[in-house]
Amino acid sequence: MLAAALAGTLATALVFVGVHSAQAATLFSADFTGGASGWTRSGGSWSVVTDGSAVYRQSGTGSDARALAGSSSWTNYSVEARVKPTAFNGTARHAGVIARAQSTSAYYYLALTNTGEVRLGRRGSGGHTTLASAPATVSLDTWYQLRLEAAGTALRGFVNGQLVATATDSTYASGTVGLAAYYASASFDDVLVTDSAGPTPTTTAPTPGVTTSPPQPVPGQADGHATGTTGGVGGPTVTVTTAAELAQYAGANTPYVIRVAGRVAVDDMVTVVANKTIIGVGTTAEIVGGGLQLGTTTRPGSNVIIRNITFRDASDDSVSVHNGSHHVWIDHNEFHPGFDGSVDVKRQSTNVTVSWNRFHATDKSMLLGHSDTFPDDIGYLKVTYHHNYFDGSNQRHPRVRFGEPVHVYNNYYRGIGLYGVASTENAGVLVEANYFEDVAFPCFSVSGYADSAPGRLAERGNVFVRSGACESGGAVADPRAYYSYTPDSAASVPSLVTAGAGVGRIAGA
């Protein structure tokens, strides 16, 4: 199948927006909760119906059906929508989105077909012309996220966030957007049109659920190796309550401050790309069943902030930072057991801080470094771990390969199962002013660990209560060469961390 199905709806209402600068801006959006006024229809049987929430449905399969909206003067922009094909009548039929429409019979389109492809095409007086295509198996009654970008003569088509087709064509320079159901029935939802720079509005009408002038940021700023991380500052603030909403904004190519309200159940990993703040509302924000994956091979998850969220029952990792992502701040969250790691950092990612989090009986808490056979991580993996509460967790607090300097300070280790910190594969780790309570093996390093070769580890100012010795040895780079900090005394760590770590501790969240 082309990609996993999307589910749920987005909480944006129909709004037209004026653009008054060269900055990115939202031109138009619709979730059909208020109906479908402003849309011009041709062919088919269009109506707003309920499919979990309001959607725009074209229910007939006996005609070439289109619905258009927006301004004919729009030139360079992106149009995206969720599309769910429900039936096809014949072969070479399709459902998709329209860009630069001159009329209901002249436009560009990106569509899902029932003939084994996703098609980037042009409609004109000569009928349909395929400009580019990619193989795909399209399932009925499944949501797909389609995005068609038009910039000058360049056209790009994305499905579920993945670039699948590109073309060059100069036939249409401007036009409205639309939805297409060519001898097909389909549902459409969450239409979003942004200018060529993406959705960072400058002057907008108020939209329920979307704060277009960002509020004051939640107090606090990234420190340690993640110093300078700003997340979604400068972008709109949105509140999400479903997996589809979370995936929509987390995967957008422009900044967003994403507020997670209540429990969000996800099936797998939600992709998070650059310039995002994801922050829980109050004390009840949860992501369950899956996790957040920062970055893909083509879109790094850099400049990302994740705060005040509880993670439970992840089918893989709760948070995975990989594929060259940098400047990431993971702060004041709570992690419960999942299938694999709670917070993993790997594959040439760097400049990360993990602070003030609570880990509840997790097993593979924090991996740093992909594997013993991935030396490409050398020179990366600069991570700070401070003021975290490891409460009855088992191992990897963190387990490090190749990274240096890795700074582990002011953490509270309580009732740890296997071990605290492991430095392997010549990593350089400073373990400083932590409090180890009932930890048989606080540190592994110069003897290696499991099948991994030895690492280097320096330790200073730690407190050990009913715990073993911290194995150390070798020279380690000083974190102060990268940032300034003042550690709390190790003796004060249990009271500080139990009072301050986890969700519900951030004023204004």
For the chain, give the percent of accessible area contributed by carbon and sulfur heavy atoms, probe 1.4 Å, rounded to a whole number. 49 percent
Label-to-label distance, nm, for residues given as Ser42 and Thr91 (7 Å Cα→Cβ offset): 2.7 nm
The stretch 406-509: D in µm²/s via Stokes-Einstein (Kirkwood Rh, Cα pairs, 25 °C, 0.890 mPa s)? 170 µm²/s
Partner lysines for Lys346 [C-alpha distance under 25 Å; skip if fewer than 8 residues away on the same chain]: Lys276, Lys364, Lys382
Per the charge dipole of the chain (beta-carbon charges, Lys/Arg positive, Asp/Glu negative, Cα centre), the residue among Ala180, Gly468, His407 reaching farthest to the positive end is Ala180
Of the convex hull enclosing the alpha-carbon atoms of the stretch 356-435, the direction-averaged projected area in nm² is 4.6 nm²
Could you give me the percent of Cα pairs per 10 Å distance bin for the stretch 319-459, shortest bin first, beginning at zero and ending with the bin that holds the maximum distance? 14, 49, 34, 2
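Counting heavy atoms of the protein chains only and a 1.4 Å probe, report the per residue accessible area for the chain as a whole number of Å².
Here the residues of the chain average 35 Å² of exposed surface.
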The stretch 394-417 versus the stretch 443-483: alpha-carbon centroid distance in Å: 9 Å
Using only Cα positions of the chain, each an equal point scatterer, no hydration layer, compute I(q)/I(0) via Debye at q = 0.07, 0.10, 0.11, 0.13 Å⁻¹ and quote the log10 values to two decimals. -0.42, -0.77, -0.88, -1.10
Apply the Karplus parameterisation 6.51 cos²θ - 1.76 cosθ + 1.60, with θ equal to phi minus 60°, to every residue of the stretch 467-478 and state each ³J(HN,Hα) to the nearest whole Hz, in sequence, with x for glycine and proline. 9, x, 8, 8, 5, 9, x, x, 7, 10, 4, 7
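Place a +1 charge on the Cβ of each Lys and Arg in the stretch 397-509 and a -1 charge on the Cβ of each Asp and Glu, then give the dipole magnitude about the Cα centre in debye, rounded to the nearest 20.
Working: 8 positive and 10 negative charges, 39 e Å.
Dipole of the stretch 397-509, to the nearest 20 debye: 180 debye.
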Summarise the long-distance tail of P(r) for the stretch 226-353 by giving the % of C-alpha pairs beyond 18 Å. 44 percent
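In percent, what relative contact order does the stretch 220-295 have, based on Cα pairs under 8 Å that are 6 or more apart in sequence?
Details: 163 pairs, mean separation 22.1, N = 76.
Computed over the stretch 220-295, the figure is 29 percent.
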Modelled FRET efficiency - R0 35 Å, Tyr485 with Ala151, Cβ distances, 0.05 increments: 0.20
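Quick check: net charge around Ala54, other residues with Cβ under 13 Å of its Cβ, Lys/Arg +1 and Asp/Glu -1?
Working: positive: Arg57, Arg82; negative: Asp31, Asp51, Asp189, Asp190.
Once all neighbours under 13 Å are counted, the net charge is -2.
Counting only C-alpha contacts under 8 Å and six or more residues apart, can you give the relative contact order of the chain as a whole percent?
On the way: 1718 pairs, mean separation 51.9, N = 509.
Relative contact order, the chain: 10 percent.
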Virtual spin-label span in nm between Asp451 and Gln102, 7 Å along Cα→Cβ: 6.3 nm
Over all viewing directions the Cα convex hull of the stretch 109-192 casts an average projected area in nm² of 5.7 nm²
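The values are calculated or read from the model by the stated rules, or taken from the named source; none is laboratory data. Computed from a prediction, not measured in an experiment: that's the story for all the values here. Note that we place each Cβ from the backbone using ideal geometry, even for glycine, and neighbour counts take in every protein chain shown. The area values use the complete protein model at the heavy-atom level, side chains included, leaving out ligands, DNA and RNA. Shrake-Rupley method; radii C 1.70, N 1.55, O 1.52, S 1.80 Å.
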